[in-house]
Amino acid sequence: MADNRFDREFVRAALALATRNEVDRLLMVSDQPLLPQEIRGRPIKRKLVYAVTSEALASQLVARKYQAVVIPPYSYTRVERIKVALVACQSEGLVHEGDTILALSGQEAEGGLDTLVRIRLGDEEDEPIRVDSLDLGPEFSSQVVEALLHVAMEIGAQGYEGHPTGTILVVGDSISVMEQSRQLTLNPFLGMSEVDRNCMDPRIRDAIKTFAMLDGAFVIREDGVVLAAGRYLQVASKEVKLPIGLGARHSAAAAATLESKAVAITVSQTTGTVRFFKGGEIALELHQTARRV
């Protein structure tokens, strides 16, 4: 796996640290599994979890009695790859609050592991937003919801070109949501192939931040495919009860989740606060700590 002496020593040092009692998991974020001789003699197999981009490779690893999760094959930074892998591990119940994790990552194009991160789940301010407490249905991808929550937080903090921006991201039950909405402006995602408009791709998340300036909502499928931006949600419900001060954007998001099986994420233009709606109610509220607009 490692190409030169320094690379081999780097990996060996990480494996040695992983044998310590303080470490609960060794997370290998790479499509190039360790060679048998690199593991031989080290009692780390029970701690080792691979995060790979291929379902076939994950199946091969599981068949060899390793633990493995699959992450999307997009061009992430090293640290972002680790964050995505951690969310996948949390979804599979492979890591838990309080665990100490050593994560090895690198740039796949370069073919080597060059980054080692120590994480204690629950202690980091920049840890991935936990979505397991939201009780999402099996049709939802926790990785997609986590990625969209982070995008929403960035929109709330940064706005667009220095101006505060608010938006709605409606996720799931997309056929019903599209039927209960209409296009306000030209849909910037129209005509793109599905593989090129998935929110797990960092480029599409950047596009969402840019198009948040458009009036209307984003409609996103459970698997992360962005179907439209600039949709007017034609839903209303007398059963929606929101805290005083929340306006039409939040009311529309709440009604959409009450009249369909979708969930919704709103960004307040006034405060940058991010709210997650499910079943017509606020299930999660995230406040900005360092707003830059």
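The values are calculated or read from the model by the stated rules, or taken from the named source; none is laboratory data. It should be emphasised that the depicted structure is a prediction, and the values quoted were computed from it without experimental measurement. Here the Cβ positions follow ideal geometry from the backbone for every residue, glycine too, while neighbour counts run over all protein chains shown. The protein model used for the area step is the full one, side chains on, heavy atoms only, and it has no ligands, DNA or RNA in it. Shrake-Rupley method; radii C 1.70, N 1.55, O 1.52, S 1.80 Å.
Computed values, structure above
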quantity	calculated
Helices (runs of 4 or more DSSP H) wholly inside region 1-87 containing at least 3 residues that are crowded, with 16+ Cβ neighbours inside 10 Å and either free of Cβ contacts under 8 Å to residues at least 60 places away in the same chain or of a type in the set (S, T, N, Q) (or both)	55-63
Residue, most open to solvent (accessible area, probe 1.4 Å), within region 230-267, restricted to residues that are hydrophobic (A, V, I, L, M, F, W, C) and part of a helix (DSSP H, G or I)	ALA248
Verdict on ASN187 being touching a helix residue (DSSP H, G or I) at 6+ places or on another chain (Cβ under 7 Å), surrounded by fewer than 23 Cβ atoms within 10 Å (Cβ to Cβ), polar (S, T, N, Q) and more than 24 Å from THR273 (Cβ to Cβ)	no
Checking SER142 against (1) modelled with pLDDT under 90; (2) more than 30 Å from ALA16 (Cα to Cα); (3) in contact with a His (Cβ under 9 Å, 6 or more places away or on another chain), the condition it does not meet	(3)
Residues satisfying the stated conditions in region 88-100, i.e. in contact with a Leu (Cβ under 8 Å, 6 or more places away or on another chain), in a loop (DSSP other than H, G, I, E, B) and either free of Cβ contacts under 8 Å to residues at least 24 places away in the same chain or closer than 16 Å to PRO138 by Cα (or both)	none
Qualifying residue in region 279-287 (condition: open to solvent by 70 Å² or more (accessible area, probe 1.4 Å) and more than 19 Å from the chain's Cα centre (by Cα))	yes
Residues within region 198-211 that are under 18 Å from the mean Cα position of the chain (by Cα) and more than 18 Å from SER142 (Cα to Cα), tallied	5
Of residues in region 190-203 being under 17 Å from ARG231 (Cβ atoms) and of a type outside the set (Gly, Ala, Ser), the one surrounded by the fewest Cβ atoms within 10 Å (Cβ to Cβ)	LEU190
Test for ASP173: is it farther than 19 Å from ILE71 by Cβ, open to solvent by 30 Å² or more (accessible area, probe 1.4 Å) and either of a type in the set (Phe, Trp, Tyr) or out of contact with any helix residue (DSSP H, G or I) (no Cβ under 6 Å at 6 or more places or on another chain) (or both)	yes
